[in-house]
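**Q** Have a look at this one.
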Amino acid sequence: VASALMARSEWLRVQVEHVGLASAVFSLLLVVGLASMLPTFLRLSWDTAPLPRGPRRDLLDLVAQRAEFEPRSLRVWNTGGLMANAAIVGFGQRGRTVIFSDSLLSVLNNRELCAVYAHEIGHARRRHVGIFIAWVAAFMLIGDVVVRGVLDAHGDLRAATVGAAVFAAGALGFGWLSRRYELDADLFAVDVLDDQPALVSALEQVGVHGRDRGGW
(Lines give C-alpha, C1' and ligand atoms only; values in the text may rest on other atoms or scores of the structure.)
Protein backbone atom coordinates (compact mmCIF):
# COMPACT_ATOMS: atom_id res chain seq x y z
CA VAL A 1 0.00 0.00 0.00
CA ALA A 2 2.80 2.40 0.89
CA SER A 3 4.57 1.66 -2.41
CA ALA A 4 1.35 2.18 -4.38
CA LEU A 5 0.65 5.50 -2.70
CA MET A 6 4.22 6.68 -3.24
CA ALA A 7 4.04 5.74 -6.93
CA ARG A 8 1.19 8.21 -7.43
CA SER A 9 3.82 10.93 -7.17
CA GLU A 10 6.11 10.85 -10.19
CA TRP A 11 8.80 12.77 -8.33
CA LEU A 12 8.81 10.40 -5.33
CA ARG A 13 8.80 7.33 -7.56
CA VAL A 14 11.82 8.55 -9.53
CA GLN A 15 13.70 9.41 -6.33
CA VAL A 16 13.19 5.98 -4.79
CA GLU A 17 13.92 4.10 -8.01
CA HIS A 18 17.08 6.01 -8.98
CA VAL A 19 18.56 7.63 -5.85
CA GLY A 20 20.27 5.15 -3.57
CA LEU A 21 19.84 7.17 -0.39
CA ALA A 22 16.15 7.78 -1.06
CA SER A 23 15.63 4.07 -1.70
CA ALA A 24 17.42 3.19 1.56
CA VAL A 25 15.31 5.68 3.54
CA PHE A 26 12.11 4.35 2.00
CA SER A 27 13.09 0.76 2.87
CA LEU A 28 13.99 1.79 6.40
CA LEU A 29 10.63 3.50 6.87
CA LEU A 30 8.84 0.35 5.67
CA VAL A 31 10.80 -1.80 8.12
CA VAL A 32 10.11 0.57 11.02
CA GLY A 33 6.43 0.69 10.13
CA LEU A 34 6.23 -3.09 9.95
CA ALA A 35 8.06 -3.48 13.26
CA SER A 36 5.72 -1.04 15.00
CA MET A 37 2.66 -2.94 13.75
CA LEU A 38 4.09 -6.42 14.31
CA PRO A 39 2.39 -7.03 17.70
CA THR A 40 -0.98 -6.20 16.17
CA PHE A 41 -0.31 -8.37 13.11
CA LEU A 42 0.66 -11.35 15.27
CA ARG A 43 -2.31 -10.91 17.55
CA LEU A 44 -4.68 -10.93 14.57
CA SER A 45 -3.00 -13.63 12.47
CA TRP A 46 -1.95 -16.10 15.18
CA ASP A 47 -4.31 -17.93 17.53
CA THR A 48 -3.52 -15.95 20.68
CA ALA A 49 -5.52 -15.04 23.76
CA PRO A 50 -4.76 -12.93 26.84
CA LEU A 51 -2.92 -14.80 29.56
CA PRO A 52 -5.60 -15.28 32.24
CA ARG A 53 -5.31 -13.74 35.65
CA GLY A 54 -4.21 -16.00 38.48
CA PRO A 55 -1.22 -16.94 40.65
CA ARG A 56 0.97 -17.67 37.62
CA ARG A 57 0.18 -14.34 35.98
CA ASP A 58 0.86 -12.58 39.28
CA LEU A 59 4.32 -14.18 39.43
CA LEU A 60 5.10 -13.04 35.89
CA ASP A 61 4.01 -9.52 36.77
CA LEU A 62 6.40 -9.58 39.73
CA VAL A 63 9.24 -10.64 37.41
CA ALA A 64 8.47 -7.73 35.08
CA GLN A 65 8.38 -5.35 38.05
CA ARG A 66 11.77 -6.54 39.31
CA ALA A 67 13.21 -6.21 35.81
CA GLU A 68 11.68 -2.72 35.36
CA PHE A 69 9.78 -3.90 32.30
CA GLU A 70 6.28 -2.78 31.32
CA PRO A 71 4.71 -4.90 28.57
CA ARG A 72 1.63 -3.93 26.65
CA SER A 73 0.08 -7.37 27.15
CA LEU A 74 0.86 -11.01 27.92
CA ARG A 75 -0.73 -13.54 25.57
CA VAL A 76 -0.94 -17.29 25.14
CA TRP A 77 -0.13 -18.62 21.65
CA ASN A 78 -2.16 -21.73 20.90
CA THR A 79 0.03 -23.99 18.73
CA GLY A 80 -1.70 -27.28 19.47
CA GLY A 81 1.27 -28.24 21.59
CA LEU A 82 3.65 -28.08 18.63
CA MET A 83 6.05 -25.37 19.83
CA ALA A 84 7.60 -24.53 23.19
CA ASN A 85 8.77 -20.95 22.94
CA ALA A 86 8.35 -17.42 24.23
CA ALA A 87 9.03 -14.07 22.61
CA ILE A 88 8.66 -10.34 23.08
CA VAL A 89 7.60 -8.49 19.93
CA GLY A 90 7.36 -4.78 19.32
CA PHE A 91 9.36 -1.74 20.31
CA GLY A 92 8.97 1.10 22.75
CA GLN A 93 8.39 1.17 26.47
CA ARG A 94 4.68 0.29 26.20
CA GLY A 95 4.54 -1.18 22.70
CA ARG A 96 5.81 -4.69 23.44
CA THR A 97 3.66 -7.80 23.55
CA VAL A 98 4.85 -10.94 25.34
CA ILE A 99 3.84 -14.29 23.82
CA PHE A 100 4.04 -17.66 25.59
CA SER A 101 3.21 -20.79 23.60
CA ASP A 102 0.77 -23.32 25.04
CA SER A 103 3.42 -26.04 25.03
CA LEU A 104 5.85 -23.89 27.00
CA LEU A 105 3.22 -23.15 29.62
CA SER A 106 2.40 -26.84 29.94
CA VAL A 107 5.95 -28.18 30.41
CA LEU A 108 7.47 -25.55 32.71
CA ASN A 109 6.77 -25.04 36.37
CA ASN A 110 6.38 -21.55 37.81
CA ARG A 111 10.05 -21.03 38.64
CA GLU A 112 11.15 -22.17 35.19
CA LEU A 113 8.56 -20.01 33.45
CA CYS A 114 9.68 -16.96 35.43
CA ALA A 115 13.28 -17.66 34.41
CA VAL A 116 12.33 -17.86 30.72
CA TYR A 117 10.36 -14.63 31.02
CA ALA A 118 13.31 -12.89 32.65
CA HIS A 119 15.51 -14.18 29.81
CA GLU A 120 13.17 -12.70 27.18
CA ILE A 121 13.03 -9.43 29.11
CA GLY A 122 16.82 -9.43 29.00
CA HIS A 123 16.71 -9.41 25.19
CA ALA A 124 14.33 -6.45 25.27
CA ARG A 125 16.15 -4.48 27.97
CA ARG A 126 19.54 -4.98 26.29
CA ARG A 127 18.07 -3.94 22.89
CA HIS A 128 19.35 -7.07 21.18
CA VAL A 129 16.74 -7.03 18.40
CA GLY A 130 17.59 -3.48 17.37
CA ILE A 131 21.28 -4.34 17.23
CA PHE A 132 20.53 -7.44 15.15
CA ILE A 133 18.55 -5.33 12.68
CA ALA A 134 21.42 -2.84 12.46
CA TRP A 135 23.89 -5.73 11.97
CA VAL A 136 21.91 -7.23 9.09
CA ALA A 137 21.30 -3.84 7.47
CA ALA A 138 24.99 -2.96 7.69
CA PHE A 139 26.07 -6.21 6.04
CA MET A 140 23.47 -5.82 3.31
CA LEU A 141 24.60 -2.27 2.54
CA ILE A 142 28.31 -3.06 2.76
CA GLY A 143 27.87 -6.21 0.70
CA ASP A 144 25.94 -4.33 -1.96
CA VAL A 145 28.62 -1.65 -2.27
CA VAL A 146 31.49 -4.14 -2.32
CA VAL A 147 29.89 -6.54 -4.81
CA ARG A 148 28.88 -3.72 -7.15
CA GLY A 149 32.44 -2.39 -7.07
CA VAL A 150 33.95 -5.79 -7.81
CA LEU A 151 31.36 -6.40 -10.53
CA ASP A 152 32.28 -3.18 -12.31
CA ALA A 153 36.01 -3.84 -11.99
CA HIS A 154 36.37 -7.61 -12.43
CA GLY A 155 33.16 -9.09 -13.79
CA ASP A 156 30.53 -11.60 -12.70
CA LEU A 157 32.66 -14.50 -11.44
CA ARG A 158 34.79 -12.42 -9.08
CA ALA A 159 31.71 -10.53 -7.88
CA ALA A 160 29.89 -13.80 -7.12
CA THR A 161 32.90 -15.07 -5.17
CA VAL A 162 33.16 -11.88 -3.14
CA GLY A 163 29.40 -11.86 -2.57
CA ALA A 164 29.53 -15.41 -1.20
CA ALA A 165 32.42 -14.46 1.10
CA VAL A 166 30.55 -11.42 2.42
CA PHE A 167 27.44 -13.53 3.01
CA ALA A 168 29.45 -16.20 4.85
CA ALA A 169 31.14 -13.57 7.03
CA GLY A 170 27.78 -12.01 7.84
CA ALA A 171 26.23 -15.37 8.72
CA LEU A 172 29.15 -16.39 10.93
CA GLY A 173 29.16 -13.00 12.63
CA PHE A 174 25.41 -13.16 13.18
CA GLY A 175 25.71 -16.63 14.70
CA TRP A 176 28.54 -15.58 17.01
CA LEU A 177 26.66 -12.45 18.10
CA SER A 178 23.49 -14.48 18.66
CA ARG A 179 25.32 -16.81 21.06
CA ARG A 180 26.74 -13.85 22.95
CA TYR A 181 23.31 -12.26 23.29
CA GLU A 182 21.71 -15.50 24.45
CA LEU A 183 24.35 -15.61 27.19
CA ASP A 184 23.74 -11.94 27.98
CA ALA A 185 20.00 -12.63 28.35
CA ASP A 186 20.75 -15.64 30.57
CA LEU A 187 22.95 -13.53 32.83
CA PHE A 188 20.25 -10.84 32.97
CA ALA A 189 17.72 -13.46 34.07
CA VAL A 190 20.03 -14.80 36.78
CA ASP A 191 20.72 -11.25 37.97
CA VAL A 192 16.99 -10.46 38.21
CA LEU A 193 15.82 -13.71 39.83
CA ASP A 194 18.99 -15.16 41.40
CA ASP A 195 17.72 -18.60 40.37
CA GLN A 196 20.22 -20.18 37.99
CA PRO A 197 18.96 -23.79 38.49
CA ALA A 198 15.48 -22.79 37.28
CA LEU A 199 16.90 -21.23 34.11
CA VAL A 200 19.10 -24.27 33.37
CA SER A 201 16.17 -26.63 33.92
CA ALA A 202 13.89 -24.58 31.68
CA LEU A 203 16.40 -24.42 28.83
CA GLU A 204 17.05 -28.15 28.99
CA GLN A 205 13.32 -28.87 28.72
CA VAL A 206 12.72 -26.68 25.66
CA GLY A 207 15.42 -28.05 23.43
CA VAL A 208 18.90 -27.11 24.67
CA HIS A 209 20.88 -30.35 24.91
CA GLY A 210 24.54 -31.21 25.29
CA ARG A 211 25.50 -28.21 27.38
CA ASP A 212 28.50 -30.19 28.62
CA ARG A 213 30.03 -29.95 25.15
CA GLY A 214 31.98 -26.95 24.00
CA GLY A 215 30.79 -24.66 21.23
CA TRP A 216 30.52 -21.09 20.15
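The values are calculated or read from the model by the stated rules, or taken from the named source; none is laboratory data. Please read all numbers here as calculations on a predicted model, not as lab measurements. Cβ: placed from backbone, ideal geometry, glycine included. Neighbour counts: every protein chain shown. All accessible areas refer to the heavy atoms of the entire protein, side chains included, with ligands and DNA or RNA removed. Shrake-Rupley method; radii C 1.70, N 1.55, O 1.52, S 1.80 Å.
**Q** Give the peptides 126-136, 180-190 in descending order of average Cβ contacts within 10 Å, highest first.
**A** In descending order of packing, they fall as 180-190, 126-136.
**Q** Relative contact order of the chain, please, whole-number percent, based on alpha carbon pairs below 8 angstrom and at least 6 residues apart.
**A** 18 percent
**Q** For region 34-135, what percent of Cα pairs sit more than 25 Å apart?
**A** Of all Cα-Cα pairs in region 34-135, 14 percent lie more than 25 Å apart.
**Q** About the Cα centre of the chain, what is the dipole size in debye to 20, counting +1 per Lys and Arg Cβ and -1 per Asp and Glu Cβ, all else neutral?
**A** So the magnitude is around 360 debye.
**Q** Could I ask something else about it? Could you tell me how many degrees, from 0 to 90 and to the nearest 10, lie between the Cα long axis of helix 196-205 and the main elongation axis, the longest principal axis, of the Cα atoms of the chain?
**A** Rounded to the nearest ten degrees, it is 70.
**Q** Hey, another quick one. Report relative contact order for region 31-124 in percent, whole number only (criteria: Cα-Cα under 8 Å, sequence separation at least 6).
**A** In percent, rounded to a whole number, it is 30.
**Q** Continuing with this model, one more query. What's the ranking of 51-58, 198-205 by average number of surrounding C-beta atoms within 10 Å, highest first?
**A** Per-residue mean Cβ counts within 10 Å order the peptides as 198-205, 51-58.
**Q** Given a Förster radius of 25 Å and the C-beta distance between residue 13 and residue 91 as r, what FRET efficiency does 1/(1 + (r/R0)^6) yield to the nearest 0.05?
**A** The calculated FRET efficiency here is 0.30.
**Q** Can you give me the % of accessible surface on region 12-89 that is carbon or sulfur? Probe 1.4 Å, all protein chains present, nothing else counted.
**A** Exposed carbon and sulfur together represent 64 percent of the surface.
**Q** Multiplying the sequence separation of residue 187 and residue 165 by 0.36 nm and subtracting their Cα-Cα distance, what value in nm do you get?
**A** Gain on stretching residue 187 to residue 165: 4.6 nm.
**Q** Continuing with the same structure: Sort the following peptides by mean Cβ neighbour count (other Cβ atoms within 10 Å, averaged over residues), highest first: 171-179, 110-118.
**A** Packing order, densest peptide first, comes out as 110-118, 171-179.
**Q** Now for a different question. Based on the alpha-carbon set only, what is the convex hull volume of the chain divided per residue, in Å³?
**A** Enclosed volume per residue, from the Cα hull, is 162 Å³.
**Q** So between residue 156 and residue 57, what do we pick up on full extension, going 0.36 nm a residue minus the alpha carbon distance?
**A** Gain in length upon complete extension: 29.9 nm.
**Q** Just report the Cα centroid separation between region 94-112 and region 11-63, whole Å.
**A** Region 94-112 and region 11-63 have Cα centres separated by 20 Å.
**Q** At 222 nm, what value in deg cm²/dmol follows for the chain if DSSP H runs of at least 4 each add -39500 (n - 2.57) and the sum is divided by all its residues, to the nearest 500?
**A** For the chain, the value works out to -23000 deg cm²/dmol.
**Q** So with the 1.4 Å probe, I'd like the accessible area per residue for region 58-216, rounded to whole Å².
**A** Per residue, region 58-216 has 58 Å² of solvent-accessible surface.
**Q** Between residue 40 and residue 110, what is 0.36 nm times their sequence separation minus the Cα-Cα distance? Round to one decimal in nm.
**A** Taking residue 40 through residue 110 to full extension adds about 22.4 nm, to one decimal.
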